[in-house]
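Visitor: My questions will all concern the structure given below.
The values are calculated or read from the model by the stated rules, or taken from the named source; none is laboratory data. Not measured: the values here are computed from a predicted model. When we count neighbours, we look across all protein chains shown, and the Cβ atoms used for this are built from the backbone with ideal geometry, even at glycine.
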Amino acid sequence: MISNARPQVLGTLAIVTSLGIATVVSAEPADDAQHVAIPAPPVIDYTTNDPWEHPVRPPVCNEAQLEMGDVRACVVRTYGGPTEHGWATPPAPGVGEATEWVWNGYSYRGSPALAEWEAEQITSNEQRIGKVYAGDFESHVGIAAIFENFLVEITARGYELRNAHGYDFRCTNATGGWSCPNGSVNDLSFHAWGLALDMNADANPIEVYQHPSGGDACEVAMETDMPQWVIQTAEKWGLYWGGYGWGDGCASPSTSAYRDPPHFEFRGTQEMAEQILRFNLRNDPDLGCYDIVDLDGTERMICNREFVVEAGWRVAIGPDAPAGATAAIVNLTATAASEDGFFSLESCAARETAYPETSNVNFVEGQDVANLAVIPLDADGRFCLFHSVEAHGVIDVLAFLTSSTDGTTYSVAPQAPSRIVDTRSQPSCDTSSECEIRPVGDQAAIVIEAAPDEPYLANLTVTRSSAPGFISAGGCAQMVAGGGVPTWSNLNYRVDEDRANLAIIRPDSNLTSCAYSWGGTDLIVDVLGTLSNTDPSGLAWTLTPPKRILDTRRCDDPRCIFGIDNGEVLRIPVDSDAPFVAINVTATDALEWGFVTIDACSTLDALTGSPTTSTVNIDTGATAANLTLAAVENGEICAWSYGETHLIVDVQAELSIDGNLRIDLDEPLRIYDGRKGGTGLVNQ
């Protein structure tokens, strides 16, 4: 929506913009800016196009508004000139060889003395805006996005933009003339800095108004063609309007009023411009905005009207973690994939390789698939989501890991996997004669009758789905919140698809658990362990860097050529003394339908048939991943497969009685939805 396609540099800021996409370096508000009361924005009447002949200036923005970038209810009118505000200093007018300065009757623009300044600091619009053709409007690289967003918005809303004039290297009339040879930088007009805009000057003459009977000149009707909503839009973008008058801006009665209605200028710092741009773009419901961290660590915000997250992007996500949290436990869902690919949750630090070494979710084109993950937080309390292909991610945070042991955090008591629900078997279901979770009325949810009374880890599996949908599991009271449809999900599935995902399920105050389905399906629930805040023998977490310990597509052992065979127990060495490890298990390139079960090696070795529980379910040729807890025996974990498939195992954490992190549970909360432009509105 803004219009300079080439990279522009302003100090440490880099801005890349076009009419279809806006990109700015990420600039976060002050730590407390989002928690400060901001005055409500004015109600803008876009239907009234009468000229605003008796303008009343809003109050000057306070510090909280400027830090947030929400300047809709105020005017940006800080004191001091551009130099004091950190803008790059242009050449002093007329200083140097006379031949270096050429006066064109209106400005020095294009003079040899200005060649370097104009090349580095001045840019022009690349797309037509109203009747202003591409290349006709010039401004400073650091403010071009502000000006052009303003012009695009008012034009789209019906104001006729006949002409717009920005950069011109000249002085102010107050110095005795615009040419000001041998002048000072302080004599320069804001136009010379590229920080001012004049538009439709033919209908907005600059006048000194005086009251005919000697009264308040500020009460005299001003000649202008601009309705109030145009001015309010300018203020939203941080631009101060000359129509209010200079000096005190008619904040009090005056014997004369010098009004400059075609003129708009930015009177703040570079940081203020950055934050105002960021706030407005993120709050535009027609834009999807994403905080992107490049491989070299450069941070940007990218916005587009297509709500597209492209291949190779690393989206920075802040889950609003509690103090002391070092990792988040999240449910990551991939949707709207343009082709086969994967997601990886990772640090936002600079990375030398094009791709991360591990993955969390694998998917095929058009598939919706979810997986639980444990992801460490950086010093800013965030993590990054890497996209291998164009796709959308959805993230629900379920818990955090913290070193707190104050009685409100939980350790884990892993157990042998136990199946407590299987709607394919009549005794396990009490909702209908057919035992299918039906997406109509009260039949959309079932009570998990045999569930523990305390929070627990469970593997959820869907099969024989009659319609696409999702599963949400939690306290039964949560199932009816928000009109009966949960605001989070644990598992997504397509028609007739077998899909599994680990979940943290927290019973409600009545100690009941439920599963909700959007779409008809059978559901299987396998409990893997419980969470306790009182059991001294519970296991705590120790985070480890994600490490791939098995990839049968690439191992050297001859038995790995075909992956894991039907009915085989595969022993996987793991470098850990912990009794349990949290692992991400991925099955891929399956030669037939089947499932993989992770369990203690002794348990799987003793099998005489198939396991009674599963970890990952997979269709022929597909890829599926799931997080689980694996028991370590003699330095090994074990996998059993029904069906021939390749297997990939990534270790995410260790669990032991000596672990330093415990689970800080919270209600499931959606913190990121790429389909809606990332984290959504900064401030309502």
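One line per residue, one yes/no per condition, for (1) on the phi > 0 side of the Ramachandran plot; (2) in the same structural domain as P59 (by TED's automatic domain parsing); (3) touching an Asp or Glu at 6+ places or on another chain (Cβ under 7 Å); (4) not polar (S, T, N, Q):
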residue	(1), (2), (3), (4)
V220	no, yes, no, yes
I231	no, yes, no, yes
G242	no, yes, yes, yes
C250	yes, yes, no, yes
A257	no, yes, no, yes
H263	no, yes, yes, yes
Q270	no, yes, no, no
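Visitor: Restricted to the range 438-467, and to residues that are at pLDDT below 50 and either not in a loop (DSSP other than H, G, I, E, B) or not assigned by TED's automatic domain parsing to the domain that holds Q415 (or both), which residue is farthest from I504 (Cα to Cα)? Don't jump to the end; show me each part of the working.
Guide: First pass over the range 438-467, keeping only residues at pLDDT below 50: 438-443.
If we keep only those that are either not in a loop (DSSP other than H, G, I, E, B) or not assigned by TED's automatic domain parsing to the domain that holds Q415 (or both) too, we end up with 441-443.
Values: G441: 25, D442: 23, Q443: 23 Å.
Only one residue fits best here, namely G441.
Visitor: Quick check on my filter: what residues within the range 34-88 are hydrophobic (A, V, I, L, M, F, W, C), loosely packed, with under 14 Cβ neighbours inside 10 Å and modelled with pLDDT of 90 or more? Give the derivation first.
Guide: If we filter the range 34-88 for residues that are hydrophobic (A, V, I, L, M, F, W, C), which is where we start, we get 36-38, 40, 43-44, 52, 56, 60-61, 64, 66, 68, 71, 73-76, 87-88.
Right, trim to loosely packed, with under 14 Cβ neighbours inside 10 Å and you get 37, 40, 43, 56.
Result: V43, V56.
Visitor: Regarding A221, is this residue over 35 Å from the mean Cα position of the chain (by Cα), of a type outside the set (D, E, K, R) and farther than 20 Å from P90 by Cβ? It would help to see each step written out before you state the result.
Guide: Values: over 35 Å from the mean Cα position of the chain (by Cα): yes; of a type outside the set (D, E, K, R): yes; farther than 20 Å from P90 by Cβ: yes.
Criteria met by A221.
Visitor: Here are some residues: T521, T544, T534, T512. Which one is modelled with pLDDT under 90 and in contact with a Phe, Trp or Tyr (Cβ under 7 Å, 6 or more places away or on another chain)? Give the steps one after another, and end with the answer.
Guide: Numbers: T544 fails: in contact with a Phe, Trp or Tyr (Cβ under 7 Å, 6 or more places away or on another chain); T534 fails: in contact with a Phe, Trp or Tyr (Cβ under 7 Å, 6 or more places away or on another chain); T512 fails: in contact with a Phe, Trp or Tyr (Cβ under 7 Å, 6 or more places away or on another chain).
None of the others qualify; the one that does is T521.
Visitor: Does W593 meet the test of being closer than 30 Å to A467 by Cβ and either surrounded by fewer than 19 Cβ atoms within 10 Å (Cβ to Cβ) or not assigned by TED's automatic domain parsing to the domain that holds A450 (or both)? Before the answer, list the steps.
Guide: On the way: closer than 30 Å to A467 by Cβ: yes; either surrounded by fewer than 19 Cβ atoms within 10 Å (Cβ to Cβ) or not assigned by TED's automatic domain parsing to the domain that holds A450 (or both): yes.
Answer is yes for this residue.
Visitor: Would it be correct to say that T487 is in a strand (DSSP E or B) and either surrounded by 19 or more Cβ atoms within 10 Å (Cβ to Cβ) or of a type in the set (S, T, Y) (or both)? Please lay out each step first, then the result.
Guide: On the way: in a strand (DSSP E or B): no; either surrounded by 19 or more Cβ atoms within 10 Å (Cβ to Cβ) or of a type in the set (S, T, Y) (or both): yes.
When the stated conditions are applied, T487 does not pass them.
Visitor: Can you say whether A416 is of a type in the set (A, V, I, L, M, F, W, C), modelled with pLDDT of 90 or more and in a strand (DSSP E or B), as far as the supplied structure shows? Give the steps one after another, and end with the answer.
Guide: On the way: of a type in the set (A, V, I, L, M, F, W, C): yes; modelled with pLDDT of 90 or more: no; in a strand (DSSP E or B): yes.
So A416 fails the test.
Visitor: Scanning the range 384-408 for residues that are of a type in the set (S, T, Y) and modelled with pLDDT under 90, which turns out farthest from the chain's Cα centre (by Cα)? Give the steps one after another, and end with the answer.
Guide: First pass over the range 384-408, keeping only residues of a type in the set (S, T, Y): 388, 402-405, 408.
Now restrict to residues that are modelled with pLDDT under 90: 404-405, 408.
Values: S404: 28, T405: 32, T408: 30 Å.
The residue in question is T405.
Visitor: Which condition from (1) part of a strand (DSSP E or B); (2) within 30 Å of V364 (Cα to Cα) is the one that T530 breaks?
Guide: (2)
Visitor: Sticking with this structure for a sec: Which condition from (1) of a type in the set (A, V, I, L, M); (2) surrounded by fewer than 21 Cβ atoms within 10 Å (Cβ to Cβ); (3) within 22 Å of A653 (Cα to Cα) is the one that I317 breaks?
Guide: Against the list (1) of a type in the set (A, V, I, L, M); (2) surrounded by fewer than 21 Cβ atoms within 10 Å (Cβ to Cβ); (3) within 22 Å of A653 (Cα to Cα), I317 comes up short only on (2).
Visitor: Among what's in the range 520-556 and is among the β-branched types (V, I, T) and farther than 26 Å from R419 by Cβ, pick the residue that is surrounded by the most Cβ atoms within 10 Å (Cβ to Cβ). Lay out the reasoning, then the answer.
Guide: Step one: of the range 520-556, the residues among the β-branched types (V, I, T) are 521, 524-525, 527, 530, 534, 542, 544, 549, 552.
Going one step further and asking which of them are farther than 26 Å from R419 by Cβ, we end up with 534, 542, 544, 549, 552.
Details: T534: 9, T542: 18, T544: 17, I549: 16, T552: 22.
Ranking the qualifying residues of the range 520-556, first place goes to T552.
Visitor: For a quick check of your reading of the model, give me the residue pairs whose first member lies in the range 352-375 and is in a strand (DSSP E or B), whose second is among the charged types (D, E, K, R), with beta-carbon atoms closer than 8 Å and at least 6 apart or on different chains.
Guide: As it stands, the answer is F363/D340; V369/R499; I375/E346, since those pairs meet every condition given.
Visitor: Could you tell me whether any residue of the range 210-226 is out of contact with any Gly (no Cβ under 6 Å at 6 or more places or on another chain) and crowded, with 24+ Cβ neighbours inside 10 Å?
Guide: yes
Visitor: Which condition breaks for Y159 when tested against (1) more than 25 Å from P41 (Cβ to Cβ); (2) surrounded by 15 or more Cβ atoms within 10 Å (Cβ to Cβ)?
Guide: It is condition (1) that Y159 fails.
Visitor: Looking only at the range 232-272, which residues are under 21 Å from A88 (Cβ atoms) and acidic (D, E)?
Guide: Result: E265, E271.
Visitor: Determine whether the range 187-198 contains at least one residue that is touching a residue at least 40 places away in the same chain (Cβ under 8 Å), within 30 Å of V95 (Cβ to Cβ) and of a type in the set (S, T, Y). Break it down stepwise before answering.
Guide: Here is the first cut: in the range 187-198, the residues touching a residue at least 40 places away in the same chain (Cβ under 8 Å) are 187-188, 190-198.
Narrowing the set further to residues that are within 30 Å of V95 (Cβ to Cβ) leaves 187-188, 190-198.
The next check asks that each one be of a type in the set (S, T, Y); those that pass are none.
No, the range 187-198 has no match at all.
Visitor: Within the range 373-387, can you find the residues that are crowded, with 22+ Cβ neighbours inside 10 Å and among the small types (G, A, S)?
Guide: A373, the sole residue that qualifies.
Visitor: Quick one: G563 ticks every box in (1) assigned by TED's automatic domain parsing to the domain that holds G621; (2) surrounded by 23 or more Cβ atoms within 10 Å (Cβ to Cβ); (3) at pLDDT 90 or above except a single one, so which number is it?
Guide: The number of the failed condition is (3).
Visitor: Whether any residue in the range 303-311 is assigned by TED's automatic domain parsing to the domain that holds G678, part of a strand (DSSP E or B) and on the phi < 0 side of the Ramachandran plot is what I want to check. Reasoning before the result, please.
Guide: Here is the first cut: in the range 303-311, the residues assigned by TED's automatic domain parsing to the domain that holds G678 are 303-311.
With part of a strand (DSSP E or B) added as a condition, the list becomes 303-304.
Next, only the ones that are on the phi < 0 side of the Ramachandran plot stay: 303-304.
Yes, the range 303-311 contains at least one residue that is assigned by TED's automatic domain parsing to the domain that holds G678, part of a strand (DSSP E or B) and on the phi < 0 side of the Ramachandran plot.
Visitor: Exactly one condition in (1) in the same structural domain as G393 (by TED's automatic domain parsing); (2) assigned to a loop (DSSP other than H, G, I, E, B) is not met by R300; state its number.
Guide: (2)
Visitor: Exactly one of these conditions fails for N283: (1) touching a residue at least 24 places away in the same chain (Cβ under 8 Å); (2) surrounded by fewer than 21 Cβ atoms within 10 Å (Cβ to Cβ); (3) more than 29 Å from I38 (Cα to Cα). Give me its number.
Guide: Result: N283 fails condition (3) only.
Visitor: Within the range 598-684, which strands (runs of 3 or more DSSP E) (wholly inside it) include 1 or more residues that are among the small types (G, A, S), at pLDDT below 90 and surrounded by 22 or more Cβ atoms within 10 Å (Cβ to Cβ)?
Guide: On the way: elements: 616-618, 623-631, 636-642, 646-656, 662-673.
Per the criteria, 623-631.
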